[in-house]
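**Student:** Below is the structure I would like to discuss, written out as structure tokens.
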Amino acid sequence: MSTPAEPLPVASCTVCGTEVEMDVARCPSCGLARPTARGPQVLARSGFWMLGIVLFAVYAVVLLIVASAH
């Protein structure tokens, strides 16, 4: 005799309050991304490096624009 499968734990969406299974990446009702569904490490080290590179590139472009205006 087989045992019945245990249901997945559910959580509620922080925006609309809809019950959402824990492994679903987005709320089916409002579409909010759920970072906890991706695991404990949402932003890896590469994400921080990419963020730093983008911020530096924006800084450099603004610096060039201001320098060329004078």
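**Student:** What number goes with the only condition from (1) at positive phi; (2) at pLDDT below 75 that Thr36 does not pass?
**Tutor:** Here Thr36 clears every test but (1).
**Student:** So, one more: If Val24 satisfies all but one of (1) among the hydrophobic types (A, V, I, L, M, F, W, C); (2) in a loop (DSSP other than H, G, I, E, B); (3) modelled with pLDDT under 75, what's the number of the condition it fails?
**Tutor:** (3)
**Student:** Then there's this: Output the qualifying pairs, or none if there are none: Cβ atoms under 8 angstrom, residues six or more apart or on different chains, first residue in segment 1-20 and more than 15 Å from Leu32 (Cα to Cα), second residue modelled with pLDDT of 65 or more and surrounded by fewer than 11 Cβ atoms within 10 Å (Cβ to Cβ).
**Tutor:** none
The values are calculated or read from the model by the stated rules, or taken from the named source; none is laboratory data. Worth saying up front: this structure is predicted, and the values here are computed from it rather than measured. Note that we place each Cβ from the backbone using ideal geometry, even for glycine, and neighbour counts take in every protein chain shown.
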